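*Asks:* Before we start, here is the structure in question, set down as structure tokens.
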Amino acid sequence: MSPSPDSVATFLQEPPQPVDLFRADAALRDELARRLPAAVLERATPALAQMGHLTAGPLWTLLRQAEQEEPSLLQYDPWGRRIDVIKTSPAWDGLQLISAAEGVVATGYDPSLGEHARLVQAALIHLFSASSAIYSCPLAMTDAAARVLIDLGPEDLRERLVPRLLSRDPETFITSGQWMTERTGGSDVGLSETIARPVDGSDQLYTLHGVKWFTSAATSEMALTLARIDDGSTPVLQGGRGLTMFLVEVERDAYGAPGGIQIRRLKDKLGTKALPTAELALDGVQARRLGPIGRGIPAISRMLNVTRYWNAASSSSAMAQAAFWARDFAMRRVAFGAPIAQHPAHQRVLLELEAVAAGAFALVAELASLMGRVEVGVATPEEHRRMRGLLPIAKLTTAKQAVAVTSEGLEAFGGAGYVEDTGLPRMLRDAQTLPIWEGTTNVLALDVLRAEAKEGALTAVVADLGLRVAALPTTVGAGTAQLRSLYNALTAKLAKLVEGDDRGQMEWEARRVSMTTGLLCQAILLGETAVAVGTDDARQRFATFVSAQLSGPLG
Ligand code: MFK
């Protein structure tokens, strides 16, 4: 009898093991330690440790299950009635339970954390997002909707909906969508075609009619969206200034069919496979106006600014997961007579992956600290400007880094990184959405120009970096000299950008200047953290980051 293929197998490769991402991530802990007062750190640590524990157990299981059981659309009931119900995996629903119970959204508004609430939340997102099958997407929009309702909502909506968006009780927690993108395109929102018709002459209540082409988390209980008011008497205003923001509360019948909405299809995406992204035909769904008529774009930009912060925190999350999974694997995978973590070239790759993830989180932490101060009303005008400038810079810089780091992370697993049922390719597929949604790199670079023209936001960011690079002691490492010369080159570029009168040239330069500012900021922050915590590990992270990110492409 010939031996079965299994009985002759003499070698089995070690599969990736779940990693407690809070315990693994010394850079995250250092960044929090240097920024948070001791009492706040002590208060925040159990929740972060718990989230780390979940990444090594329940989240690992739910992530894999949710990815395998992709959402499906049931358009008709057995009797031919149109129902349009999206079915999601029980694992996806489990992720909602964990999100609520662990307060991933609520933490950002926790009054007991004061101005540090956003920073503690950023740490939670950094741990949670990449292990959540991108449940972080509905959470990002939920957080953003809460922010908009708090800032612009009428009292009745604020009182009824904000407590549910911020609830830690899975029974009462709801999520929100953000329906912006239409067939006319995702960037030039001013082309949107959806019409809002007043109900009985009301200037508050409308019905919406149009197609939303890309709606993430289409199972949410509510959504914020844009439409053009057509009252039947005055001409419909075209362009961005004709758009108004609306809130839709989705009413579902006993089947779960959404009233006034047809779900035309689910999108077949490269990644974020567990996330139900749909094409919606709004067919008379009722909506409340939110914010002034014709001010829809600036109103919904408040939402975008929150989701862009989440995007940056999700990018650092994707990088940390790739880096720590790769390190864990490298400790156990033997090649050429030793665990691959011991081979000098691979050692270097692992250090670079971790350093870039650390730099990205440091930038997210800086942004979150500013947001926290702005939101509790203690920020100076200069901090307001820096926050406005850092938002698009953090989003565009970290998203590009996430694609590079997850790609290198996959390579660290060799062929296994390219095989779907290892669960590893998901990392790269999911990362590829980060530079696209919430504004592409160019759209964000243009937003940097917009924020500079309007309030000197880029100048404020760069001026602050100047003070901080000058204050960085050379004892933290040789990289400080490189940072100073990069800073000088950046200020020369910035002067040209600010004083330039060739709009085309400015737009061309804006992307590079924004990216350089983001990377320089990350390096300075890592240098500051190394000074504050004073460990060899932190100094090495700084040196590795400077050599990997400021001296040429990763790897
Ligand atoms: C995992 C976590 C990630 C979360 C995932 C969530 C998934 C959701 C999926 C999606 O919804 S993806 C769709 C995302 N869509 C975008 O990001 C839109 C991209 N396009 C832009 O951002 C354009 O730049 C923009 C639509 C804003 C251009 O519109 P306009 O009308 O040509 O811009 P304009 O005229 O410069 O600005 C109009 C007003 O808005 C100005 O205010 P004023 O009228 O008072 O002067 C601007 O200052 C203001 N504004 C624009 N962007 C702003 C802003 N204000 C504050 N912050 C901003 N970012």
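The values are calculated or read from the model by the stated rules, or taken from the named source; none is laboratory data. Computed from a prediction, not measured in an experiment: that's the story for all the values here. Backbone-built Cβ (ideal geometry, glycine too); neighbour counts: all protein chains shown. Heavy atoms of the whole protein, side chains included, go into the accessibility calculation; ligands, DNA and RNA do not. Shrake-Rupley method; radii C 1.70, N 1.55, O 1.52, S 1.80 Å.
*Asks:* So how many residues does segment 351-402 have that are farther than 22 Å from Gly439 by Cβ, in contact (Cβ under 8 Å) with a residue 12 or more places away in the chain and among the β-branched types (Val, Ile, Thr)?
*Replies:* Qualifying residue count, segment 351-402: 2.
*Asks:* Also, I was wondering about something else. Does Thr175 satisfy the criteria of being touching a residue at least 40 places away in the same chain (Cβ under 8 Å) and crowded, with 18+ Cβ neighbours inside 10 Å?
*Replies:* On the way: touching a residue at least 40 places away in the same chain (Cβ under 8 Å): yes; crowded, with 18+ Cβ neighbours inside 10 Å: yes.
When the stated conditions are applied, Thr175 passes them.
*Asks:* Another question about this same structure. Just for segment 172-210: of the residues that are more than 14 Å from Ala227 (Cα to Cα) and touching a Pro at 6+ places or on another chain (Cβ under 9 Å), which one is nearest to the ligand (Cβ to nearest atom)?
*Replies:* Gly177
*Asks:* Can you tell me how many residues within segment 220-237 are in contact (Cβ under 8 Å) with a residue 40 or more places away in the chain and either surrounded by fewer than 24 Cβ atoms within 10 Å (Cβ to Cβ) or over 25 Å from Ile436 (Cα atoms) (or both)? Walk me through it before giving the result.
*Replies:* Residues of segment 220-237 that are in contact (Cβ under 8 Å) with a residue 40 or more places away in the chain, as a first pass: 220-227, 229, 236-237.
The next check asks that each one be either surrounded by fewer than 24 Cβ atoms within 10 Å (Cβ to Cβ) or over 25 Å from Ile436 (Cα atoms) (or both); those that pass are 220-222, 229, 236-237.
The number of residues fulfilling the criteria is 6.
*Asks:* For residues in segment 413-429 being open to solvent by less than 10 Å² (accessible area, probe 1.4 Å) and in contact (Cβ under 8 Å) with a residue 60 or more places away in the chain, which is nearest to the ligand (Cβ to nearest atom)?
*Replies:* That would be Met427.
*Asks:* I would also like to ask the following. Consider Leu113 carefully, then state whether it is more than 17 Å from the chain's Cα centre (by Cα), aliphatic (A, V, I, L, M) and outside the structural domain of Thr277 (by TED's automatic domain parsing). Full working, then the answer.
*Replies:* On the way: more than 17 Å from the chain's Cα centre (by Cα): yes; aliphatic (A, V, I, L, M): yes; outside the structural domain of Thr277 (by TED's automatic domain parsing): yes.
So Leu113 fits the description; yes.
*Asks:* Looking at segment 129-138, can you tell me whether even one residue there is among the aliphatic types (A, V, I, L, M), within 17 Å of Gly108 (Cα to Cα) and not assigned by TED's automatic domain parsing to the domain that holds Gly240?
*Replies:* no
*Asks:* Evaluate the following for Asp169: is it out of contact with any strand residue (DSSP E or B) (no Cβ under 6 Å at 6 or more places or on another chain) and either within 16 Å of the ligand (Cβ to nearest atom) or open to solvent by less than 40 Å² (accessible area, probe 1.4 Å) (or both)?
*Replies:* So Asp169 does not fit the description; no.
*Asks:* Could you please let me know if Ser315 is outside the structural domain of Asp188 (by TED's automatic domain parsing) and open to solvent by 30 Å² or more (accessible area, probe 1.4 Å)? Spell out how you get there, then give the answer.
*Replies:* Numbers: outside the structural domain of Asp188 (by TED's automatic domain parsing): yes; open to solvent by 30 Å² or more (accessible area, probe 1.4 Å): no.
Criteria not met by Ser315.
*Asks:* Let me ask you something else. From Leu161, Leu157, Leu119, grab the single residue that is within 30 Å of Leu41 (Cβ to Cβ) and open to solvent by less than 10 Å² (accessible area, probe 1.4 Å).
*Replies:* Values: Leu161 fails: within 30 Å of Leu41 (Cβ to Cβ); Leu157 fails: within 30 Å of Leu41 (Cβ to Cβ).
None of the others qualify; the one that does is Leu119.
*Asks:* Right, here's the next one. So which residues in segment 75-123 are under 26 Å from Ala281 (Cβ atoms) and acidic (Asp, Glu)?
*Replies:* Asp77, Asp84, Asp93 - these are the residues of segment 75-123 that are under 26 Å from Ala281 (Cβ atoms) and acidic (Asp, Glu).
*Asks:* So which pairs qualify, if the first residue must be in segment 36-54 and in contact (Cβ under 8 Å) with a residue 40 or more places away in the chain, the second must be among the basic types (Lys, Arg), the Cβ gap must be under 8 Å, and the two must be at least 6 apart or on different chains?
*Replies:* Gly52/Arg23
*Asks:* Which residue out of Leu490, Leu467, Leu486, Leu497 is more than 30 Å from Gly534 (Cα to Cα) and in a helix (DSSP H, G or I)?
*Replies:* Answer to the check: Leu497.
*Asks:* Lys267 versus (1) open to solvent by 20 Å² or more (accessible area, probe 1.4 Å); (2) without any contact (Cβ under 8 Å) to a residue 60 or more places away in the chain; (3) within 13 Å of the ligand (Cβ to nearest atom); (4) under 22 Å from Pro198 (Cα atoms): which is the lone unmet condition?
*Replies:* (4)
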